[in-house]
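Undergrad: The following block contains the structure, expressed as structure tokens.
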Amino acid sequence: MPFISLLLNESVVFYRTIHLTLGIILIYDLFFMEVKIIMKKIIIVGYELSGFGGTETVCKKCVALLSQDSADVDISFIFFKENKNISNDTWLKGIKFKRIFSQIRNPTLRRIHFAFQFSMYIKQENPDLIIAISTRGCYISNLARKISFTKIPVFSWIHLSLYSAYKAIFTLKADYHLSISSGNSNYLINNGVHNNKIHTIFNPISRTSIIITRPKNISRFIYVGRIIAGEGKNLQSMFHALSQIKGRWELNILGSGDDVGILQSLAADLNIEQKILWHGWQVNPWDYIVNSIKEVTALLLTSTHEGLPMVLGEANSYGIYCVSSDCKTGPSDIIQNSMNGVLYPVDRPDLLVNILQDIVSGKPLPNSIDIKNAIEKFYDDNYLSRIKSALNIS
């Protein structure tokens, strides 16, 4: 009997040990299953970028914000490359990326070639979702998932105005849309996209405690961006308006582009060349403005079209008042008239002249703190909440 009792006790201990071990294994498996469920593998796709534009800035910042937030995401980039030009990869430091090449001359066949190669990558990586940062990227991504027989959701994330973007209709190939402006959202709705498939996330702006003050004895204007005289940035309109202003003013231009010579000649013809200061392209334009220009009255933007002009929000974050054209998408999302800037119709340069003359004549402008507060929804923390919600990231 003692032997049987001992045997029974040993059996109970043995089975309890087995149950405990199985329980630990089950908890371990469930934990890592949950991690796998939460972890999202995201591929961002588009055509080769120069490395110096606003799209690169926003993409890099978005990846950084998600990483800093410890969000469980695995993000990589795929670039479709059409030529053998040397690529600028500086902005991609610390980010996973791959290029897909095609030298087929016919545009339609080239897109199909890109899609076929991308489909093989999709099979290999099995991403949870694809984000296309170009209109043609939407087309290629949609075709690639069909070739790979997958149902991976495709999001568009176009950083231009859809009213002027090349092949904008290709955006409709995406299932969902990360819209950078109310104007782009309206374009999608007007083309039959249901509102619940559109997430208007805007773009992120970093908070700063720095305030760039205004000079007292002169109106100092700045322009930051590509140097384009006509369609697009429309700097010729800015020059013509400034040439009609009476009083002390100067325009500081930060940026580069093919039209510098054209605009310098125009400035000479308008007899304002002494009031235009050319600072060239700057790696960190706002650091340069803080340290070298020091004081600013207002930032000027005279574009005929934009996606979401980040420069307006960046200027506001330093407490700088903005004067901008009210082009079809972008500026009206940022500028609240009389609070952080003023808008004028693109086709009314005479109103731009009136606005600038009022400023040079000493019209009181809003205080810098109010200007900073006017763009609260664009600051990084609020942007992060929107994009995590759109992508269903916990």
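Undergrad: With a/c under 1.5 counting as rounded, go ahead and sort segment 219-376 into rounded, prolate or oblate using the C-alpha gyration tensor (a ≥ b ≥ c being the square roots of the eigenvalues; past the cut-off, prolate if a/b is larger than b/c, else oblate).
TA: Here segment 219-376 falls in the rounded category.
Undergrad: Mind listing the phi-derived Karplus ³J(HN,Hα) values for segment 310-318, rounded to whole Hz, using 6.51, -1.76 and 1.60 with θ = phi - 60°, and x for any glycine or proline?
TA: 4, 4, 5, x, 4, 4, 4, 5, 9
Undergrad: Can you tell me how segment 320-393 classifies by the Cα gyration tensor, rounded, prolate or oblate, using a/c under 1.5 as the rounded cut?
TA: Judged from the Cα gyration tensor, segment 320-393 comes out oblate (a/c at least 1.5, b/c at or above a/b).
Undergrad: Let me check I've understood the local charge: for residue 102, count other residues with C-beta under 9 angstrom from its C-beta, Lys and Arg +1, Asp and Glu -1. What total comes out?
TA: +2
Undergrad: If you wrap a convex hull around the alpha carbons of the chain, what volume per residue comes out, as a whole number of Å³?
TA: Per-residue hull volume (Cα only) is 196 Å³.
Undergrad: Further, regarding this structure: Considering Cα pairs under 8 angstrom that are at least six residues apart, work out the relative contact order of segment 219-376 and quote it in whole percent.
TA: Contact order relative to length: 25 percent.
Undergrad: Next question. Please identify the longest segment of the chain free of exposed GluC sites (Glu not before Pro), where exposed means a DSSP state other than H, G, I, E or B and no more than 14 other Cβ atoms within 10 Å.
TA: With a cap of 14 other Cβ atoms within 10 Å, the longest stretch comes to 1-230.
Undergrad: State, as an integer percentage, the relative contact order of the chain based on alpha-carbon contacts under 8 Å between residues 6 or more apart.
TA: Over the chain, the number comes to 14 percent.
Undergrad: Which distance in Å, rounded to a whole number, links the C-alpha centroids of segment 311-355 and segment 208-252?
TA: 12
Undergrad: Which order do 301, 356, 251, 351 fall in if you start with the one that has the fewest other Cβ atoms within 10 Å?
TA: Ascending number of Cβ neighbours within 10 Å: 351, 251, 356, 301.
Undergrad: For the chain, what does the helix formula give at 222 nm: sum of -39500 (n - 2.57) over DSSP H segments with n ≥ 4, over the residue count, nearest 500 deg cm²/dmol?
TA: It comes out at -12500 deg cm²/dmol, rounded to the nearest 500.
Undergrad: Right, another one. Can you tell me, using C-alpha contacts under 8 Å and at least 6 residues apart, the relative contact order of segment 91-239 as a whole percent?
TA: This gives 15 percent for segment 91-239.
Undergrad: Taking the Cβ of residue 114 as the center, what net charge do the other residues with Cβ under 10 Å away carry, scoring Lys and Arg +1 and Asp and Glu -1?
TA: +3
Undergrad: Is segment 73-162 best put as rounded, prolate or oblate by its Cα gyration tensor, with a ≥ b ≥ c the root eigenvalues, rounded for a/c under 1.5, and otherwise prolate when a/b is larger than b/c, oblate when not?
TA: Judged from the Cα gyration tensor, segment 73-162 comes out rounded (a/c under 1.5).
FYI, it's all coordinate maths here, none of it is from the lab. The model shown is predicted, which means the values in this text are computed figures rather than measured ones. Please note: Cβ atoms are built from the backbone with ideal geometry, for glycine as well, and neighbour counts cover all protein chains shown.
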